[in-house]
Amino acid sequence: MATPKSQRIGIWIIAVVMLIGTIGSFVVMILANQNNQNDQAAQNKALADYQKQVAEEATKLSAQYYPTFGAYKDSAATFDKDAVGDKVTTNDLKQGDGADIAADTKYQAYYIGWNPRGKSFDSSFDGDKLKAPIDTSQTSLIEGWNQGVVGMKVGGIREITIPSDLAYGEKGSGSDIPANTPIKFIVMIIATK
């Protein structure tokens with residue numbers, strides 16, 4: 001029995017629609033892949049531009065602040081961890097003349113940190129220049145640091161001694177800061193945000 005003409009036309013219409021749909025799907029997938037590649041390229045370019053801008057700013061800031069903060073590069077020295085006590089103590093090495101730092105102030109700073117053995121575990125120094133300053137609007141810091149900078153002024157340099165429970169406590173932080181280790185920092189506030 002032969003298929004009626006109307007059914008054959010219907011089958012052909014369905015086949016053509018399915019073919020167009022399949023081709024359309026491939027076109028959409030190709031365009032989506034192209035868009036993803038374009039988006040990724042744009043993101044990579046934006047990231048590279050941002051990193052270049054940060055590096056240029058870091059170089060400019062280093063030239064401005066290294067002559068002052070560089071004097072503290074080799075300040076890490078041994079200290080008696082048993083004499084630290086249970087409160088943050090501070091010693092102003094240079095008075096600033098800028099804005100006051102309060103507990104909620106966001107700021108940029110350079111620093112050097114060390115343990116009781118006099119081993120520097122982190123700093124803003126990169127050879128004879130400074131890395132980009134830390135920005136407290138983009139990173140969080142240990143409680144002892146937060147307490148220690150309150151009352152500083154922009155441009156000031158302060159040594160901060162932090163008991164272990166306000167530093168890294170029982171967990172410590174890597175091999176340079178074992179559990180229950182007090183630490184010291186020298187911090188220079190360079191700008192508020």
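What follows draws every value from the coordinates through simple rules; no lab data is involved. Bear in mind that the values here come from a model prediction, so they are computed numbers and not experimental data.
See the values below:
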{"item": "For the stretch 11-138, the Rg and Dmax computed from alpha carbons only, in angstrom", "result": "27.9, 91"}
{"item": "Folded to 0 to 90 degrees: helix 5-69 orientation relative to the chain principal axis, Cα", "result": "20"}
{"item": "Relative contact order for the chain, counting Cα pairs under 8 Å that sit 6 or more residues apart, in percent", "result": "24"}
{"item": "Cα-Cα P(r), the stretch 1-60, percent of pairs per 10 Å interval", "result": "19, 20, 17, 14, 11, 9, 6, 3, 1"}
{"item": "Karplus-derived 3J(HN,Hα), 6.51/-1.76/1.60, for each residue of the stretch 144-159, Hz, glycine and proline x", "result": "x, 5, 4, 5, x, 8, 4, x, 5, 10, 4, x, x, 10, 9, 8"}
{"item": "Descending semi-axes in Å of the stretch 72-193, equivalent ellipsoid built from Cα gyration tensor", "result": "22, 16, 14"}
{"item": "Euclidean distance of C-alpha centroids, the stretch 1-50 and the stretch 77-155, integer Å", "result": "58"}
